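> Starting off with a structure, shown below.
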Amino acid sequence: MVDWYGRASLEQGHRPEVVEALERNEDPTKFRVKFKFTEAETYRPSIKSLTAGRLAALLSIRELHDYPEIAPFRDPNPGQILWLTLMLDFYNDRPTDRTLVLADMGSSYRTSEMLIRESIAGGAVVTESDPADRRRSLLFPSIMTVLTYEFVLMPKYLESVDKAMGDSGGLVTNRKELLAKIYDYYNARAKHSPELLNIEIAARQARVKLELVPDMVS
């Protein structure tokens, strides 16, 4: 069985792969996550369990439409189906089978395949061949897709729920705790990430007018 994601800790000195990409003069935003840091596991199980449909509605925020990790996924069908499948598979530590997700996307094969190609070309999705079967194409969310999901869309979703429900509701009960865990990792990662990624995420947070985002650690 293939381990698609290694495990590491930022505090133990593991260098994020994006740092090595920059040293090779490559665009770090278009790589996939290969190591999942233990510091992020404090909140990722909660993220996986949130209502996908409500979170997907945040893709319609116009201020984010020109970002390449958002643009391919805006349309409910087939874009959001691809996006939600990619992210659920990411949290379940597995790649997305290209053939299977094409069958699930609900549009013509040509339309769905063109969308996948667009998302790869724009850096929202990374494709690899299955090492056990080179004919099988696997898809992964790019680093920027994961970072935007966790540090922009997820906090915005939690803020929106809080405004709508106040102190009631099971999800809201743990909202502040979940946000605190997300931002703890946000700041821990910022200490080790290239400034390029920090600036890109901060720009997206500003676009959606996050109210509870802490100051980025320098």
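The values are calculated or read from the model by the stated rules, or taken from the named source; none is laboratory data. All figures in this text were calculated on a predicted structure; none of them were measured in a lab. Cβ coordinates were reconstructed from backbone atoms using ideal geometry, including for glycine residues, and neighbour counts include every protein chain displayed. When the accessible area is computed, the model is the full protein with side chains, heavy atoms only, and any ligands, DNA or RNA have been set aside. Shrake-Rupley method; radii C 1.70, N 1.55, O 1.52, S 1.80 Å.
> Do any helices (runs of 4 or more DSSP H) lying entirely in the stretch 1-83 carry at least 1 residues that are closer than 20 Å to Glu195 by Cα, and which ones are they?
17-23
> Find all pairs meeting these conditions: Cβ atoms under 8 angstrom apart; at least six residues apart or on different chains; first residue within the stretch 165-182 and outside any helix (DSSP H, G or I); second residue surrounded by 13 or more Cβ atoms within 10 Å (Cβ to Cβ) and modelled with pLDDT under 60.
Going by the 8 Å Cβ cut-off, the qualifying pairs are Gly166/Val172.
> Would you confirm, using the coordinates I've provided, whether Val213 is over 10 Å from Val152 (Cβ atoms) and modelled with pLDDT under 85?
Taking the combined requirement at face value, the residue does not satisfy it.
> Report yes if some residue within the stretch 43-54 is at pLDDT 90 or above and either more than 14 Å from Phe140 (Cβ to Cβ) or of a type in the set (A, V, I, L, M, F, W, C) (or both); otherwise report no.
Looking through the stretch 43-54, at least one residue is at pLDDT 90 or above and either more than 14 Å from Phe140 (Cβ to Cβ) or of a type in the set (A, V, I, L, M, F, W, C) (or both).
> Exactly one condition in (1) out of contact with any strand residue (DSSP E or B) (no Cβ under 9 Å at 6 or more places or on another chain); (2) without any contact (Cβ under 8 Å) to a residue 60 or more places away in the chain; (3) open to solvent by less than 70 Å² (accessible area, probe 1.4 Å) is not met by Glu26; state its number.
Result: Glu26 passes all but (3).
> I would also like to ask the following. Restricting to the stretch 136-166, give me the number of residues that are out of contact with any strand residue (DSSP E or B) (no Cβ under 8 Å at 6 or more places or on another chain) and at negative phi.
Qualifying residue count for the region: 20.
> Then there is this: Quick one: is Val33 touching a residue at least 24 places away in the same chain (Cβ under 8 Å), out of contact with any helix residue (DSSP H, G or I) (no Cβ under 7 Å at 6 or more places or on another chain) and either open to solvent by 70 Å² or more (accessible area, probe 1.4 Å) or of a type in the set (A, V, I, L, M) (or both)?
no
> Ok, one more. Identify, please: which residue in the stretch 112-149 is open to solvent by less than 20 Å² (accessible area, probe 1.4 Å), aliphatic (A, V, I, L, M) and outside any strand (DSSP E or B) and is, among those, farthest from Leu197 (Cα to Cα)?
Ile116
> Oh, and also: For Thr99, which of the numbered conditions (1) in a helix (DSSP H, G or I); (2) surrounded by 13 or more Cβ atoms within 10 Å (Cβ to Cβ); (3) among the β-branched types (Val, Ile, Thr) fails to hold?
(2)
> Next question. Please list, ordered by first then second residue, the pairs with beta carbon atoms under 8 Å, 6 or more apart or interchain, first in the stretch 76-105 and at pLDDT 90 or above, second surrounded by fewer than 19 Cβ atoms within 10 Å (Cβ to Cβ) and basic (Lys, Arg).
Leu88/Lys48; Tyr91/Arg44; Tyr91/Lys48; Asn92/Lys48; Asp93/Lys36; Asp97/Arg136; Arg98/Arg136; Thr99/Arg136
> Could you list all residues from the stretch 150-163 that are more than 14 Å from Leu178 (Cβ to Cβ) and either among the β-branched types (Val, Ile, Thr) or under 17 Å from the mean Cα position of the chain (by Cα) (or both)?
Val152
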